[in-house]
Structures are given as structure tokens and as C-alpha cells.
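Some notes on the structure that comes next.
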Amino acid sequence: MTNKTPLVITISRQLGAGGAYIGQQLAKKLNMHYADREIIRKAAELLSVREEDLENRDEKTQAFWETLLMSSGYAPEFYVPISIKYLPSDDEMYAAESTVIRKIAERRGSVIIGRGGFYILKDRPNCLRIYLFASQKYRMSRIMESYNMNETEAAKAIEKSDLEREKFIKAFTGVEWKDAGNYDLTIDTGKLGLDKTVEAILAVVHQM
């Protein structure tokens, strides 16, 4: 790679397709920065809110957040004036995360997980945008093993995650999350396997 601009890899992924593992392995093998939860933490700092407030909304739209606020699990035990309890809007949260992602990309070579990174950095040179997907069977198997879920729970988790991420991407980018045209590389991790996927991506990187 002769480009002086640091390489950035964005990974968009379906739940259960191995995005986190693959991203971590790429960062390790390429000696790059891995950015996932850091994006939430720094966005929370920009918005002056708690990290856990944004974590519950991660890659979700306002409809989900409104449901969460109405649940007894989040309701305060005492009255807090609405003017005091600040809750960032969807637009504010997306803008904050976009700012964080751009700053990370500017400073060093990085592997950036989710949160519309593929779109936010679409005009950036030396950026490899990847989409990872897999069959329902493969994803369910990984989720059941990783999170100790039964088949019904795993299927519901997949359905919910796909719907929320699809809505999130459409709302803020105007493009389709699963459209291969939005990426430089799309890989079925169930067919190739996680480690072989890492090898395939490394082969592409070394040709850039």
C-alpha cells in the first residue's frame, strides 16, 4: 500500500455473522486501531450524557428509544423536570457518532464496526467498506452458542437486530443497508468461515 492516507476498514455486519471477531482479528494482524464501543463512549462525552444511555439506543431509531423510556425499568423513582433530564435526539446522536468516526479515521489506521461507517466515510480515500452476512441457520447457531439462547430466542434476536439496523441506516443515510453496491466487498461468512474471511480480506488489503 503506497497511499499515505491511513487505511480504514469499515465493517457492516448481520448479527451472528462474526463481525466483531473478524474486525478484531484484522486490527491485530494489520496493527490497526479497533473501534466499536469506543464510538459510543466518545459520542456520549460529546453529548454530555451517560454511555449507557446511548448504548441502549445503539443503531436503533427513536421509536425503540421511546418504548424504552416508557418502560418501568427506566422510569426514575422521583420526578425529574424534562428540561433537566437531557436525552439527545436521533439526529444529535448520529451527528455525534459521525464526528467520532471521522476523527478516528483521520488520526490512524482503523477498523470501524457498524454505525453507518461505510456511508460516513464513503468519500474517504484508502477506505475498504465491507459487509458481512450469513445464512439464518449459521447465525442462529453462533448466537445460541455465544449467548446461551434457544432457537426461538435466537430467531427473534436476529429478526429484531436486522430490522433495527435496516431502519437506522435507511433513516440516516437514505441507502439500503444490505445493498451490495454500498460496499467494496461482501462476504458470506457462513460459507467461507470466520478465519478464512479474515484471510480473504487481508488478501484484498495487500492488493490496495
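The values are calculated or read from the model by the stated rules, or taken from the named source; none is laboratory data. Not measured: the values here are computed from a predicted model. FYI the Cβ positions are ideal-geometry reconstructions off the backbone, even for glycines, and counts take in every protein chain you see.
Using beta carbons and a limit of 7 Å, which pairs, at least six apart or on different chains, have the first residue in the range 101-120 and closer than 25 Å to Lys178 by Cβ and the second one among the aromatic types (Phe, Trp, Tyr)?
Partner pairs satisfying both residue conditions: Val111/Tyr34; Gly116/Phe172; Phe118/Tyr183.
Have a look at Gly116, Gly193 and point out the one that is on the phi > 0 side of the Ramachandran plot and out of contact with any Ser or Thr (no Cβ under 7 Å at 6 or more places or on another chain).
Among Gly116, Gly193, only Gly193 is on the phi > 0 side of the Ramachandran plot and out of contact with any Ser or Thr (no Cβ under 7 Å at 6 or more places or on another chain).
Conditions tested, residue by residue: (1) assigned to a loop (DSSP other than H, G, I, E, B); (2) under 14 Å from the mean Cα position of the chain (by Cα); (3) closer than 17 Å to Arg165 by Cα.
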site: Ala96; (1), (2), (3): no, no, no
site: Thr99; (1), (2), (3): no, no, no
site: Ile104; (1), (2), (3): no, no, no
site: Ile112; (1), (2), (3): no, yes, yes
site: Phe118; (1), (2), (3): no, yes, yes
site: Pro125; (1), (2), (3): yes, no, no
site: Arg129; (1), (2), (3): no, yes, yes
site: Leu132; (1), (2), (3): no, yes, yes
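Residue by residue through the range 13-39, note down the ones that are small (Gly, Ala, Ser) and part of a loop (DSSP other than H, G, I, E, B).
Result: Gly16, Ala17, Gly18.
Pick from the range 161-198 the residues that are aliphatic (A, V, I, L, M), in a helix (DSSP H, G or I) and over 17 Å from Ser98 (Cα atoms): which of them is farthest from the chain's Cα centre (by Cα)?
Leu192
Tell me which of these Ile82 doesn't satisfy, since it passes every other one: (1) at pLDDT below 50; (2) surrounded by 12 or more Cβ atoms within 10 Å (Cβ to Cβ).
(2)
Tell me, yes or no, whether the range 145-156 has at least one residue that is modelled with pLDDT of 95 or more, surrounded by fewer than 14 Cβ atoms within 10 Å (Cβ to Cβ), under 19 Å from the mean Cα position of the chain (by Cα) and not in a loop (DSSP other than H, G, I, E, B).
Checked the range 145-156: no residue is modelled with pLDDT of 95 or more, surrounded by fewer than 14 Cβ atoms within 10 Å (Cβ to Cβ), under 19 Å from the mean Cα position of the chain (by Cα) and not in a loop (DSSP other than H, G, I, E, B).
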